[in-house]
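Data first, discussion second: the structure below is written as structure tokens.
The values are calculated or read from the model by the stated rules, or taken from the named source; none is laboratory data. Nothing here was measured: the structure is a model prediction, and the numbers come from that model. Heads up, the Cβs are rebuilt from the backbone with ideal geometry, glycines too, and the neighbour counts pull from every protein chain shown. Surface areas here come from the heavy atoms of the whole protein model, side chains and all, with no ligands, DNA or RNA. Shrake-Rupley method; radii C 1.70, N 1.55, O 1.52, S 1.80 Å.
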Amino acid sequence: MASIRYSSSSLLAKCSAASAAPAAGRCIANTSRVRNFATETSPPKKLKPLTQEQKDFLSSALRVNQAGELAATLIYKGQTPPIVRQHPHLRPLMKHMYDQEAGHFDTFNALIHKHRVRPTALYPVWSVLATGLGWSTALMGREAAMACTEAVETEIGNHYNEQIRTLIEMVTQWKQEGYEVSDEISELTKTLRRIRDEELEHLDHAVEHDAKKAEPHWLLTGVIRAGCKGAIWVSERV
């Protein structure tokens with residue numbers, strides 16, 4: 001017996017022809033089942049396996065980002081009491097920036113756990129240094145505390161931009177080779193962009209609140225930026 005094949009279009013045609021008949025309802029139901037079956041059996045995305053270099057990059061990115069966001073929360077935690085005591089009107093701003101950093105930290109904690117990435121071995125060291133940096137710059141005054149934020153967020157913004165650029169290059173190459181992009185990579189790119197934008201928002205707040213008036217501004221921001229670069233380099237590897 002010859003096999004009989006139906007496409008969704010042929011079923012629609014039969015339904016149209018039989019629209020006045022009692023069987024029309026059954027035709028519509030059959031068409032719906034065909035469409036559902038086609039959706040359920042759609043092929044999975046064609047994904048290219050990650051190279052070892054790409055795996056190492058992603059692990060390193062999550063590790064250093066978690067360490068950086070830990071440091072940011074501790075800097076703001078150290079700065080807030082002295083700053084708010086002297087400048088009560090800054091309480092909402094300090095809380096806003098801290099809350100965003102805490103959210104970033106939670107995000108990378110979740111990603112570290114999900115992908116089983118080892119946190120930096122220097123976690124305790126960064127905790128002490130970040131707390132000391134926040135507390136000491138706050139004691140130097142509002143301008144110095146804001147200059148600290150300016151310096152840190154400048155380096156963090158640059159760092160996130162480099163990670164986003166690398167992810168975009170990976171995605172572009174995959175698409176050129178005919179591969180699709182996994183939902184996880186797409187979501188990670190969106191997350192990094194969102195967090196980068198919030199970090200740069202903090203930079204803008206710092207400049208608006210007289211970061212440039214810190215004395216000596218060039219020395220203070222230069223030392224802090226150099227320290228951030230060193231911490232990023234080490235945390236990516238250790």
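Here are a few things to note about the model shown:
- For VAL171: the one exception among (1) aliphatic (A, V, I, L, M); (2) touching a Pro at 6+ places or on another chain (Cβ under 8 Å); (3) surrounded by 15 or more Cβ atoms within 10 Å (Cβ to Cβ): (2)
- Within the stretch 96-114, tally of residues that are farther than 15 Å from ALA72 by Cα and surrounded by fewer than 13 Cβ atoms within 10 Å (Cβ to Cβ): 3
- The listed residue being among the basic types (Lys, Arg), surrounded by fewer than 18 Cβ atoms within 10 Å (Cβ to Cβ) and not in a helix (DSSP H, G or I), out of ARG118, ARG165, ARG91: ARG118
- Qualifying residues in the stretch 121-141 (those that are outside any helix (DSSP H, G or I) and at negative phi) - the one modelled with the highest pLDDT: MET140
- Test: residue in the stretch 142-149 that is open to solvent by 70 Å² or more (accessible area, probe 1.4 Å) and either part of a helix (DSSP H, G or I) or at pLDDT 95 or above (or both): no
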